[in-house]
Structures are given as C-alpha cells and as structure tokens.
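The values are calculated or read from the model by the stated rules, or taken from the named source; none is laboratory data. All figures in this text were calculated on a predicted structure; none of them were measured in a lab. Here Cβ is always computed from backbone atoms with ideal geometry, including for glycine, and neighbour counts include all displayed protein chains.
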Amino acid sequence: MVYIATRSTHLESARNLFLTMMHRASNSDPGDEALRYFTLRKLWEAKQYGKLSQDDLEFLNRATKQFNDAPSEIRYYEWVQGRVSSDMVRAQFRDLAPKQEVSFCTELVDGQTALFEPKVSSRVARSAVTKVTQSLRSTFGRPFQPVFGAVDRQGREK
C-alpha cells in the first residue's frame, strides 16, 4: 500500500493503523475457518438452527460465498461422511491458502494540495481576476466545427 500525503504529520499514524489492520486480518487461520464453516453448515443442513448464534449465521453467510467451489464441496462431503478427519481438513486448507506479502510505503508530495485536501483556499485573489467583457464568439475556423448534427443546424438556420 502507498500512502500519499502533502504533509508528514500523519505518516506515522497511517502506518500504525495499516499495520494494525493487517495484523487483525492475518490472524485468521484458513484451516480453522474451513472447519468452522463445515461444522456450522452441518448444523444448518440438519436444521438445528437453535444451536447457531447470530455470529455463527453471519460467519456462515460470508463463508458460503468464500468456500463456494468444487474442492471445498468435495472436502465438505468427505468430512461429513467421516472419510477425512478434522485435522486433515485444517491441514489441507492451510496448504491451499495463498501466502500474502504486504508492504506499506509513504510518499510526500509537494504543492499538490488540491488533489488531496477536501477544502482548498483560493490561491488567486479576487482582485487579480480579469473580468471578461467581450461577447462569446468562436475562435476556431470552419475546419474545427463539429460534423455531427451539422445538417440539422443548417436546416434550422434558414
């Protein structure tokens, strides 16, 4: 991730926030998540809804989308039938999880406040603005006139 700022005042706090968020996200074990999904799905399919908490239902909803592929389905049915142990499910999903490398960089830009600040003070004083007094007329010759709709305009001008 690249954090771009016009001032260095928030660089360290942005870095700390990013690292905190990444630490939280990286603490999840894919093997434990898969096994939890299998357990909750088994309860749901057995219509044992009373054993599921609100957190369980929310997790089941997210995990159903996450584990919606053929290999996960095969492993689930093998686990339900007792052909695969819980430890084996954990190990398989840990091995399948992609390794992620994350980095955080900061870039300090100078003079680009308008791109990054919500409110920018006007750099031009009102007295320095020249008022336009000439009538609006085309500064381009005939070759620069638009072709699209030219027939309609000629018909209306007559």
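Quick notes on this one:
- Condition met for D56 (loosely packed, with under 11 Cβ neighbours inside 10 Å and of a type in the set (D, E)): no
- Any hit, region 22-39, residues being more than 30 Å from D110 (Cα to Cα) and in contact with a Leu (Cβ under 6 Å, 6 or more places away or on another chain): no
- Checked against the criterion of being modelled with pLDDT of 65 or more, within 25 Å of the chain's Cα centre (by Cα) and surrounded by 10 or more Cβ atoms within 10 Å (Cβ to Cβ), the candidates L115, L96 yield just one match: L96.
- The set of residues from region 82-93 being among the charged types (D, E, K, R) and loosely packed, with under 11 Cβ neighbours inside 10 Å comprises R83, D87.
- Members of region 21-63 that are touching a residue at least 12 places away in the same chain (Cβ under 8 Å), closer than 22 Å to K99 by Cα and not in a loop (DSSP other than H, G, I, E, B): M22, S26, P30, G31, D32, E33, A34, L35, R36, Y37, A63
- Some residue of region 28-40 being exposed (fewer than 15 other Cβ atoms within 10 Å of the Cβ), among the acidic types (D, E), over 30 Å from S8 (Cα atoms) and at pLDDT 75 or above: yes
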